[in-house]
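Chemist: The structure follows.
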Amino acid sequence: MHTFIREPLLHFLVLAGMIFALNSFLSEGRKPLVEITAAAVEAQARVSEQRLRRPLSAAEIERLTQEMLQEEILFQEAQRRGMVSDHQVRGTLISMMRTALKPMVAAPDDAALLALRDELPRDTTTLPEQLSFEHVSFTAPDKVPPDLLAKLRAGASSPSLGETIRLANPLPPTYRPQLDSLLGTDFVAKLVKLPLNEWHGPLTSTRGSHFVRLISRVAEQSLPMDQLRPLLESHWLKSHDADVVTREVAKLMADYRILLPGRSPATEAAK
């Protein structure tokens, strides 16, 4: 045993291990520090909460922290690569680094675009229902003359019977969301169920009481692909680019010491 301890090879291995450990320690210490402070996160969270008009959840604050970390790494990496060092152009540097990390990609095929179309909100990929109607309108129910509905169905001239309400008569074909805003969703929900070319009423809207004759109704329809393609390609590329940048930044993190609120550098390095 005593002879074994005195072996030169053992001495060399022990010394090499110590040198390696010391070099790793010193190398870690030489890495630039990226620190996202609790105060910075809180300040940015307040801006988001004012915009959203509600408090952020714990998951949203964590996502915000990671976004701030990503931007700080992109900024420091831009400086390391000699792009510029002026802090006044921080946003430009971050944008330049995002561009530098993104490879050239081929445009998505139709299958990918169709799959994306099904994921997007319907109001971005369809034309809403359209309605057109004639109306006799009053600002208040007590202004409605007696037997008005019978007179209208008998063929009375509608413009001469109502009050002056600033609403085109007949109302030309109008998309349902605009009608919801103009007259209220309850009114429009009843209007769409009426049969065509027959007087009905009174229906109450946000503007008063109305007797209406539905002239036309065009069902909701999907936008043709040639109109949707630019929108879908833009969404696809934005999502693809974000994923690529996130992966590339994750690789760059190995070159930095990272300190986030409530976490030690050792904890972050272990991730």
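Chemist: Could you list which residues have their amide H under 5 Å from that of Ile258, counting only those 5 or more apart in sequence or on another chain, with H placed in the peptide plane?
Modeler: The answer is Val34.
Chemist: When Rg is the radius of gyration of the Cα atoms in the range 113-221 and Rh is its Kirkwood radius, what does Rg/Rh come to?
Modeler: Rounded to two decimals, Rg over Rh is 1.07.
Chemist: How do Met97, Met83 stack up against each other in accessible area, from largest to smallest, with a 1.4 angstrom probe? All intermediate terms of the calculation are to be shown ahead of the outcome.
Modeler: Values: Met97 0, Met83 60 Å².
The ranking, largest first, comes out as Met83, Met97.
Chemist: Subtract the Cα-Cα distance of Leu182 and Leu237 from 0.36 nm times their separation in residues, and report this length gain in nm to one decimal. Don't jump to the answer; show the numbers that get you there.
Modeler: Details: separation 55, 0.36 × 55 = 19.80 nm, distance 3.63 nm.
Extra length from Leu182 to Leu237 when fully extended: 16.2 nm.
Chemist: Rank by packing, highest mean first: peptides 147-157, 169-179, 207-217, 46-56, with packing defined as the count of other Cβ atoms within 10 Å averaged across residues. Could you put the intermediate results ahead of the total?
Modeler: Numbers: 147-157: 13.3, 169-179: 15.5, 207-217: 19.5, 46-56: 10.7.
Ranking, from highest mean packing down: 207-217, 169-179, 147-157, 46-56.
Chemist: Compute, for Lys238, the solvent-accessible surface of its heavy atoms (probe 1.4 Å) with the complete set of protein chains present, and express it in square angstrom to the nearest 10.
Modeler: Result for Lys238: roughly 150 Å² accessible.
Chemist: Something else about it: Working with all protein chains in place, sort Glu198, Glu72 by solvent-accessible area computed with a 1.4 Å probe, largest first. Let's see the in-between values first.
Modeler: Working: Glu198 80, Glu72 35 Å².
Order by accessible area, largest first: Glu198, Glu72.
Chemist: Further question: So how much accessible area does Asp255 have, in Å² to the nearest 10, using a 1.4 Å probe?
Modeler: Probe radius 1.4 Å; accessible area of Asp255 about 70 Å².
Chemist: Per residue of the range 207-213, in order, report the coupling 6.51 cos²θ - 1.76 cosθ + 1.60 (Karplus, θ = phi - 60°) as ³J(HN,Hα) in whole Hz, putting x for Gly and Pro.
Modeler: Using θ = phi - 60°, the values come out as 10, x, 10, 9, 10, 10, 10 Hz.
Chemist: Determine how large the accessible area of Ile61 is when every protein chain is in place; take a 1.4 Å probe and give Å² rounded to the nearest 10.
Modeler: Result for Ile61: roughly 60 Å² accessible.
Chemist: Any idea of the accessible area per residue across the range 179-271, 1.4 Å probe, to the nearest Å²?
Modeler: Working: 5260 Å² over 93 residues.
Averaged over the residues of the range 179-271, the accessible area is 57 Å².
The values are calculated or read from the model by the stated rules, or taken from the named source; none is laboratory data. The structure presented is a predicted model; accordingly, all values stated were derived computationally and were not measured. We place every Cβ from the backbone using ideal geometry, glycine too, and count neighbours over all the protein chains shown. These area figures cover heavy atoms from the full protein model, side chains too; ligands, DNA and RNA do not enter into them. Shrake-Rupley method; radii C 1.70, N 1.55, O 1.52, S 1.80 Å.
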